[in-house]
Amino acid sequence: MPEATVLSVVVPMYNEEEVLPALVTRLRPVLASLGVAYEVVAVDDGSTDRTAELLTAFRLGWPELRVIGLRRNSGHQAALTAGLDRALGAYVVSLDADLQDPPEKIPDMLALARGENLDIVYGIRADRASDTGFKRWTAGLYYRLVRRLAGPSVPAHAGDFRLLSRAAVDALKALPDQQRVYRLLVPWLGFPSGRVTYERAPRPAGVSKYPLGRMIRLAVDSVTGFSAAPLRIATWLGGFAFLVCLGLMVYTLGAHAFDHTVPGWTSLFTGVLFIGAVQLICVGLLGEYVGRIYTAVQNRPTYFVGHDTAGGTGGADTPGRAETAGRAETADRAGAADAETRVPQRSSGPRT
């Protein structure tokens, strides 16, 4: 019997050829020092540089390295989902490839989870001096916002560097969400958790794959995926606009009564602009939620796996959770129908 995998380290990466040698140099001795069976699940998120080539080369001398290649660039959270879906370990650590989160903290996370019987161990960024002032300010604003909307269970300054038990991973896999934000989903589970603090280091090589546009998209997904507060804000804005309209109506009638209609043009023009802006904001907020409903109704796979070096755990062109769940439901219904009609069917062999 092969030795059971104790620890899986999921590393989503996109165009990380510059930092990949440094990642392997630091990560491999840390995991080897644990003295447990482990695997490193490197998820290549459709890289266009030499990332896939370097992973293949490193795997020749590192049998614990497992490479999963996605057909196209599906995004950081989708690549992380692919790694969590296929990880085999009793504990799973998610780690970015940029080495801003130190892999040397993984033994502390595993020891804390085992010693205190925890399902989740968060990596908390106690010092972000390596980030720019704008990045620190926007990150602080983001965490204050999501903690106010999603609740205080969301730890401040906790990114995607965390340890999950097999029970927590299975609970995440059972959730139907397609546009996933794990830094909010994981605290929502409510599993026993602990924290390990560290200093956030600068990137040793390469450039950030999270520019301002992706940060804004992450914030929008976080807010619209976990709270209906923006819709309530739209309602309050509509009520406030209605009061402003009443005030302008009274002002307009008074100006007309005293034959001062021309001076009221400025206030009327301002009121029209204000109402138009509020309407656009409300329509935009509604559009975000309707867009999420549309994506859920489409039920498209979150990712497609092109290859998995583990071989037996999935072949090429394997879809993500959405299509797999749909096929399982269809199979269940077909099985129920077969049981009712009692029509025997000839087996066509296993499907991959």
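Each value in this text was obtained by applying a stated rule to the coordinates, not by laboratory testing. Because the structure is predicted, anything quoted here is derived from the model rather than measured. Note: ideal-geometry Cβ built from the backbone for every residue, glycine included; neighbour counts use all protein chains shown.
Okay, here's what the table says:
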quantity	calculated
Estimated inter-spin distance, Arg144 and Arg195, nm [label 7 Å along Cα→Cβ]	1.8 nm
Nearest-0.05 FRET efficiency for Ala156 and Ile281, computed from C-beta distance (R0 41 Å)	0.90
Alpha carbon convex hull of the range 18-121, projected area averaged over orientations, nm²	6.7 nm²
Estimated FRET transfer efficiency (Phe274, Ala167; beta-carbon r; R0 51 Å; 0.05)	0.50
